[in-house]
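The values are calculated or read from the model by the stated rules, or taken from the named source; none is laboratory data. Remember, predicted model here, so these are calculated numbers, not experimental data. Using ideal geometry, Cβ is built from the backbone for each residue, glycine included, and neighbour counts are taken over all protein chains shown. To get the accessible areas, we keep the full protein, side chains included, count just its heavy atoms, and leave off ligands, DNA and RNA. Shrake-Rupley method; radii C 1.70, N 1.55, O 1.52, S 1.80 Å.
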Amino acid sequence: MTDLLLYQRDDCHLCDAALAVLAAARVPEPASIFIDDDAALEARYGLRVPVLRDARSHAELDWPFTIEAVRAFLAR
């Protein structure tokens, strides 16, 4: 299981773009957490998705992010 989570929405073009950046950065595929049907997640992430979260450190990286930003996020 991966320690990376990607908070996203159904039918979200920004989320698709984030997944493409993660793939280009050669990041292991994150677990996808869809916020659409969860009021608490909607309140927390509604305007921020996609958001990459490290489940171990609880650090978060908000969109937009680049390959370099993802690599720096993971290297800390």
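Please go through region 1-16 and give me each residue that is in contact (Cβ under 8 Å) with a residue 24 or more places away in the chain and not aromatic (Phe, Trp, Tyr), ordered by number. Passing the criteria: Met1, Thr2, Asp3, Leu4, Leu5, Leu6, Gln8, Arg9, Asp10, Cys12, Leu14, Cys15.
What are the residues in region 21-76 that are closer than 11 Å to Leu4 by Cα, free of Cβ contacts under 8 Å to residues at least 40 places away in the same chain and β-branched (Val, Ile, Thr), if any? The answer is Ile33, and nothing else.
Identification of strands (runs of 3 or more DSSP E) wholly contained in the chain with 3 or more residues that are in contact with a Lys or Arg (Cβ under 9 Å, 6 or more places away or on another chain) and open to solvent by 20 Å² or more (accessible area, probe 1.4 Å) yields 60-62.
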